[in-house]
Amino acid sequence: VTATAIGFAFDAGSGDRELSSVFGFCYSVGCLLAVLVVQQAGLFTAVIQPPLILFVAVPGSYFLFHGGQLAGVKDLAINCGYPLIERFPLMLFLSAAVLLIGLGRWYVGLTSHRGADSAEASDSGAAKTAKASPATAIVSSVTAKLSGLVLRKPATTT
């Protein structure tokens, strides 16, 4: 939000009365930095925020750039909707990038948490293998999940 506000302030100071590529750059950098530096507990918020920030910032900028004067619902829909439509590709690709980064961080956090639990529980060879490299950790995680599915006992009714 802070980086988006900086981009907005730059565009407001330029006197152009429109959001430029500086706004888009600051918005993008802010969203990417947020998903990279946020704690694991706040990852969901960082992943869903890019469209929300843009949906508030673009109409808000129009409202402030034009002195808060609205000539009606049609004027509001056209002059606030069109800039949102123009920036839809930016929002789409940025949201996809943030989602992929967030999923990667979530998976790494999940596997590192499981690796720490298994290392504490026993000193087995699988725990040592998981610490050897990320590829072996992924393979051992997948095989553990698959063996749990195969070896699971069927539900019985009484």
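The values are calculated or read from the model by the stated rules, or taken from the named source; none is laboratory data. Since the structure is predicted, the reported quantities are computational estimates derived from the model, not experimental observations. Every residue, glycine as well, gets a Cβ built from its backbone with ideal geometry; the counts of neighbours run over all protein chains shown. Quick note on the areas: whole protein, heavy atoms, side chains included, nothing else; ligands and nucleic acids left out. Shrake-Rupley method; radii C 1.70, N 1.55, O 1.52, S 1.80 Å.
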Residue match in segment 37-45 (condition: touching a helix residue (DSSP H, G or I) at 6+ places or on another chain (Cβ under 6 Å), under 30 Å from S141 (Cβ atoms), touching a residue at least 40 places away in the same chain (Cβ under 8 Å) and among the β-branched types (V, I, T)): no
All positions within segment 38-51 that are within 19 Å of L92 (Cβ to Cβ) and open to solvent by less than 60 Å² (accessible area, probe 1.4 Å): A46, V47, Q49, P50, P51
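Each row is one residue, and each column tells you yes or no for (1) in contact (Cβ under 8 Å) with a residue 40 or more places away in the chain; (2) of a type in the set (F, W, Y).
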site: D11; (1), (2): yes, no
site: F23; (1), (2): no, yes
site: L32; (1), (2): yes, no
site: V47; (1), (2): yes, no
site: P51; (1), (2): yes, no
site: V58; (1), (2): no, no
site: F93; (1), (2): no, yes
site: L100; (1), (2): no, no
Residues of segment 7-32 satisfying the condition of being of a type outside the set (F, W, Y) and either open to solvent by 100 Å² or more (accessible area, probe 1.4 Å) or outside any helix (DSSP H, G or I) (or both): G15, D16, R17, E18, L19, S20
Check on V35, at pLDDT below 90, closer than 20 Å to S95 by Cβ, of a type in the set (V, I, T) and open to solvent by less than 30 Å² (accessible area, probe 1.4 Å): no
Helices (runs of 4 or more DSSP H) (entirely within segment 48-143) containing at least 3 residues that are more than 18 Å from S21 (Cα to Cα) and at pLDDT 90 or above: 88-121
Index of the failed condition, L19 passing every other in (1) free of Cβ contacts under 8 Å to residues at least 60 places away in the same chain; (2) within 21 Å of N79 (Cα to Cα): (1)
